[in-house]
Amino acid sequence: MSQPEQRRILRTAIPGPRSQELHARRRQEVAGGFGIAVPVFVDRAGGGVVVDVDGNHLIDLASGIAVTSVGAADPTVVDRVARQAERFTHTCFMVTEYDGFVEVAAALNRLTPGDHDKRTALFTTGAEAVENAVKIARAATGRPAVVALGHAYHGRTLLTMSLTAKNVPYKEGFGPFAAEVYRVPSPYPYRWPGGPEKAAEEGLAALRDTVQSQIGAHNVAAIIVEPIQGEGGFIVPPAGYLRGVQEFAAEHGIVFIADEIQTGFGRTGAMFACDHEGVVPDLVTTAKALAGGLPLAAVTGRAEIMDAVAPGGIGGTYAGNPVACAAALGALETIERDSLVERARAIEAAVLPRLEALRESCASVGDVRGRGAMLAVEFVRPGSTDPAPETARAVAEACHRAGVITLVCGTYGNVIRLLPPLVIDFDLLADGVGVLEAAVREAS
Ligand SMILES: *Cc1c(COP(=O)(O)O)cnc(C)c1O
């Protein structure tokens, strides 16, 4: 099946009648706890386009939350998945072995930051990778505590929800939370009290102070950091912060975990976001874009840390499912063969100046930031830095009505984030950004 036409086409209002009908049925059948960004039902998708059941072609600036970097129907992924599904769909890697698991591990050992001896463990979801990274760090250090940042997002399971900073909707009503989780301020440049130029130094001072005075460095197993914070608002840490965390962790025998689940595999214009600063974490968690849309996640890191867990200590029935591994090998092949890391940089070059022009001309745009194809606009009440979630919502809804899928994020719900597939056609991208610009001007 060929790719859908790479053009924005509106045949009905969004959502159209067929989507509305299916959505009404969903309300009767599906648990209400699932949110929805754009209530359209999908018929097919590929490249930078999502085709709904009413025949509308929407421009995809979300990639299913940074998952379909190679598109939602990449031929290399589809072909490898089909061939693997014919051979076998499952054995459980803890029952009998298969080569795809080992090949994905080798690829991650090769691609992740640092050229030290590495091992990889595969899992199914991002949250599961984060949980296991913490388990591995605890086993390797014999220590209990984990330090996470303000504005962090690490998942929805008990431990990862506890590591996540934002209460509504992720934590409200779901306590009590996991013990031995400590939080230090995120060095959020736009909102750092002493100004952006102080954020790295003061953020690191706060980390050192919390670890030494409130926890005791000898009790800390791990510090976990998203090298660009995702759900929290696409917050790019100030230069030097990640390196400072790495050095502090190394000094005290603390495992430095980089959660690259949203930032990984070229998204930010480097294979991993840590690469922008030459930072080498002890453990890296990956998921999302790893397998071109199939569920697969990983922890990759220093062999001596990874191997601290005795056989049987980590795993999972579906961990490293063979079809998902085939998809990952296809996605990684496409990313490397088609130079999608460079493409992410080209997307930044095409889009960021247009967003910066919006910041200059619209008082409701407080900040514009991001790297590669992970870009964001933060909305404020004009003349202040007070968050304006209602503006972000209005802009997102205007985009959706015009056939452009955008997502809101941020602790204050006032950030629009752009996560186009890295393979998106540049005319399509320009059209999508034009719709966003018009929506921002209208809302301002
Ligand atoms: C999405 C995400 C997770 C959780 O991944 P799931 O597959 O949804 O469990 C963890 N960390 C970060 C940084 C993420 O963006």
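With the Cα gyration tensor of the range 161-295 giving a ≥ b ≥ c as the square roots of its eigenvalues, does the rule (a/c under 1.5 for rounded; else a/b larger than b/c for prolate; else oblate) give rounded, prolate or oblate? Rounded.
Between residue 349 and residue 43, the simple spin-label model (points 7 angstrom out along Cα→Cβ) gives 3.7 nm.
Full extension of the segment from residue 82 to residue 342, taken as 0.36 nm per residue of separation minus the current Cα-Cα distance, would add 90.7 nm. Fully extending the segment from residue 18 to residue 97, taken as 0.36 nm per residue of separation minus the present Cα-Cα distance, adds 24.0 nm. Compute the distance from the alpha-carbon center of the range 18-67 to that of the range 291-335, in whole Å. The range 18-67 and the range 291-335 have Cα centres spaced 28 Å from each other. Between 86, 131, 356, the residue with the greatest mean-square fluctuation in the GNM of the chain (Cα pairs under 10 Å linked by springs) is 86.
For 183, 83, the ranking by accessible surface with the largest value first comes to 83, 183, using a 1.4 Å probe. Counting heavy atoms of the protein chains alone, residue 151 has an accessible area of about 30 Å² for a 1.4 Å probe.
By the helix-only formula, in which each DSSP H run with n ≥ 4 contributes -39500 (n - 2.57) and the sum is divided by residues, the chain has a 222 nm mean residue ellipticity of -11500 deg cm²/dmol.
Roughly speaking, what % of Cα-Cα pairs in the chain are separated by over 27 Å, rounded to a whole number?
53
Dipole magnitude for the chain: about 760 debye, using +1 per Lys or Arg Cβ and -1 per Asp or Glu Cβ, origin at the Cα centre.
Close lysine pairs were tallied over the chain: pairs 8 or more places apart or on different chains with Cα atoms under 27 Å apart number 8. Coupling constants for the range 321-333 follow from the phi torsions by the Karplus curve (6.51 cos²θ - 1.76 cosθ + 1.60, θ = phi - 60°), and in residue order they are 3, x, 5, 5, 5, 4, 4, 5, 5, x, 5, 5, 4 Hz; glycine and proline get x.
Loop exposure criterion: chymotrypsin sites (Phe, Trp or Tyr not before Pro), DSSP state outside H, G, I, E and B, at most 13 other Cβ atoms within 10 Å. Applied to the chain, the longest stretch between such sites is 178-444. Using a Gaussian network for the chain with springs between C-alpha atoms less than 10 Å apart, which of these wobbles most: 95, 280, 134? Maximum fluctuation in the GNM of the chain, among the listed residues, is at 95.
Assuming 0.36 nm per residue, please report the length gained on full extension of the stretch residue 26 to residue 2 beyond their Cα-Cα distance.
Gain in length upon complete extension: 5.7 nm.
The range 70-92 and the range 340-401 have their alpha-carbon centroids 36 Å apart.
The values are calculated or read from the model by the stated rules, or taken from the named source; none is laboratory data. Given the structure is predicted, the values throughout are model-derived calculations rather than measurements. FYI the Cβ positions are ideal-geometry reconstructions off the backbone, even for glycines, and counts take in every protein chain you see. Heavy atoms of the whole protein, side chains included, go into the accessibility calculation; ligands, DNA and RNA do not. Shrake-Rupley method; radii C 1.70, N 1.55, O 1.52, S 1.80 Å.
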